[in-house]
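Data block below; observations after.
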Amino acid sequence: MPGEVLLSTAYFPPEEYFALIRNSDSIIIEQEENYPRQTYRNRCKILASGGIMNLSVPVSKEGKIKIPTRDVTIDYSRRWQQVHIRALVSAYNRSPYFQYYFDYFEPLLLKNYRFLLDLNNDLLMKCLDIMKMTRPLSLTSSFLKVTDQENDYRYKIKPGTEPLIRTKPYIQVFGNNSFVPGLSILDLIFNTGPEAAEYL
């Protein structure tokens with residue numbers, strides 16, 4: 001799938017998101033849609049000792065029913081940053097590459113971004129940089145009509161559905177001899193390090 005790939009914004013997106021990027025030349029992130037709830041736009045899945053754990057960035061919609069994704073702000077009245085950092089340390093501290101790569105992410109998690117989109121874009125670019133998969137990134141300037149175009153994945157990657165693309169299995173700290181697919185890209189990075197892109 002050479003060319004552009006059209007994606008939603010996402011918080012530490014799942015591995016399939018990056019598999020699509022790996023096979024594209026550039027990334028377009030949708031920012032003009034009406035912000036939908038219960039999506040990867042503000043949440044991710046990691047593998048902890050008790051199984052899959054969902055981490056969610058609280059957002060403030062300020063009473064508005066419809067608000068463009070670009071205008072969604074992060075709610076800092078809840079201590080989500082500390083919760084996420086503790087969860088990542090607990091889940092991945094024993095993974096082979098956690099100590100090396102966590103230092104890349106912690107400052108971004110502790111930075112008080114106003115907008116969710118800015119946090120997500122910075123985390124996305126950091127993940128791509130780590131995996132040496134840097135791609136040009138642009139944002140939509142108007143809402144693009146949902147089509148059946150091959151490159152439009154804005155609403156195809158969502159929690160509760162089977163991954164569109166499965167990564168090659170790799171050893172996971174809490175995999176218990178059974179590979180768990182569909183997790184955040186962090187699982188792949190912390191467990192496979194510089195070889196992460198080869199598993200996509």
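The values are calculated or read from the model by the stated rules, or taken from the named source; none is laboratory data. Since we're looking at a predicted model, the values are computed, not measured. Glycine also receives a Cβ, built like all others from the backbone with ideal geometry; neighbour counts cover every protein chain displayed. Remember, those area values only see protein heavy atoms, side chains included, never the ligands or the DNA or RNA. Shrake-Rupley method; radii C 1.70, N 1.55, O 1.52, S 1.80 Å.
Some observations on this one:
- Shape of region 15-105, Cα gyration tensor, a/c cut at 1.5: oblate
- From most to least packed by mean Cβ count within 10 Å, the peptides 138-147, 32-41, 185-194 give 185-194, 32-41, 138-147.
- Between K145 and N112, residue separation times 0.36 nm minus the direct Cα-Cα distance comes to 8.6 nm.
- Mean projected area (nm²) of the alpha-carbon convex hull when region 86-200 is viewed from all directions: 8.9 nm²
- Each peptide in 101-110, 67-76 gets a packing score, the mean of other Cβ atoms within 10 Å over its residues, and the list from highest to lowest is 67-76, 101-110.
- When peptides 15-26, 173-184, 154-165 are sorted by average Cβ neighbour count within 10 Å, with the highest value leading, the order is 15-26, 173-184, 154-165.
- Compactness of the chain, expressed as Rg and Dmax over alpha-carbon positions, Å: 16.1, 46
- Calculated from backbone phi, Karplus (6.51, -1.76, 1.60) coupling profile of region 189-200 in Hz, x at Gly/Pro: 5, 5, 8, 10, x, x, 8, 3, 4, 6, 8, 7
- Cβ charges +1 (Lys, Arg) and -1 (Asp, Glu), total dipole of the chain, debye: 660 debye
- Surface per residue (accessible, 1.4 Å probe) for the chain, Å²: 49 Å²
- Percentage relative contact order, the chain, counting C-alpha pairs under 8 Å, at least six apart: 34 percent
- Region 1-57-region 135-200 distance, computed between alpha-carbon centres (Å): 7 Å
- Of all accessible heavy-atom area on region 43-194, the percent that carbon and sulfur account for (1.4 Å): 51 percent
- Adding -39500 (n - 2.57) for every DSSP H run of four residues or longer, then dividing by how many residues the chain holds, sets the calculated 222 nm ellipticity at -8500 deg cm²/dmol.
- Subset of K132/K168; K45/K126; K132/K156 violating a 21 Å alpha-carbon distance limit: K132/K156
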